[in-house]
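The values are calculated or read from the model by the stated rules, or taken from the named source; none is laboratory data. Keep in mind that this is a model prediction, so the values were computed, not measured. No Cβ is skipped: glycine too gets one built from the backbone with ideal geometry, and neighbour counts run over all protein chains shown. Note: accessible area is taken over every heavy atom of the protein model, side chains too, but ligands, DNA and RNA are not part of it. Shrake-Rupley method; radii C 1.70, N 1.55, O 1.52, S 1.80 Å.
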Amino acid sequence: MSKGEETKARILQQAAELFNQQGYAGSSMSDIMRVTGLQKGGIYNHFQSKDELALQAFDFAIARINQHNRAALRNKHHAVERLQAMIDIFRNYVDNPPIKGGCPLLNTAVESDDAHPILKERAQQAMNSWRHLICRILEKGIKKGEIRSEVNADEIATIIIAMLEGAIMMSKLYEDSVHIQRAINHLNEYLESHL
């Protein structure tokens, strides 16, 4: 990796953490300069605008989450076991998230709802990718006879994601990981008894 590529990667990581903690709108160029230790020209040498940096920083954060998902799914073959491995990743999201500030998908989706349509679209793409992964695991499990044939994969994906993201929000709000722990325990029991 060249020095320029290393600098860009460092900017992306630091900006991803800043945006995830303070939000896109709440992060000024001065904040970005402070966390990166670079002047405006040094940042704009790698990114044409704050918008471009925000999109690439979001992609960086989602790529970090996807790495955790791939690692959790490695060596898991049964559909329920794969889903439980994905859910279990969230056990540490409150106290030790992959990106400082919590779940970047949740944070970005909430912030970009009306204020930043391009970032909202990127968050939708990331959510679609997550939903499709869960659906593929469920559909493959149905084909292999590991999951009941009447299970609605898209419905289960919605339930899993909504429960995890809601529990993260509650755990962050109350500064108490008990909420995510309860959601994970409930989802694991649900998967074992209803699929």
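Inspection of segment 138-146 finds a residue satisfying the criterion of being more than 30 Å from Ala54 (Cα to Cα) and open to solvent by less than 20 Å² (accessible area, probe 1.4 Å).
Please work out which residue is modelled with the highest pLDDT, limiting yourself to segment 1-28 and to residues that are in a helix (DSSP H, G or I) and loosely packed, with under 12 Cβ neighbours inside 10 Å. Here the residue is Glu6.
Got a sec? Which helices (runs of 4 or more DSSP H) wholly within segment 47-121 have at least 3 residues that are without any contact (Cβ under 8 Å) to a residue 40 or more places away in the chain and surrounded by fewer than 18 Cβ atoms within 10 Å (Cβ to Cβ)? Per the criteria, 50-73, 104-115. If the condition is being open to solvent by 60 Å² or more (accessible area, probe 1.4 Å) and outside any loop (DSSP other than H, G, I, E, B), then segment 164-190 contributes Met169, Met170, Lys172, Leu173, Tyr174, Arg182, Asn185, His186, Glu189. Taken as a whole, segment 137-158 holds at least one residue that is part of a helix (DSSP H, G or I), out of contact with any helix residue (DSSP H, G or I) (no Cβ under 8 Å at 6 or more places or on another chain) and modelled with pLDDT of 95 or more.
Met169 meets each of the listed conditions (1) more than 19 Å from His186 (Cβ to Cβ); (2) within 14 Å of the chain's Cα centre (by Cα) apart from (1).
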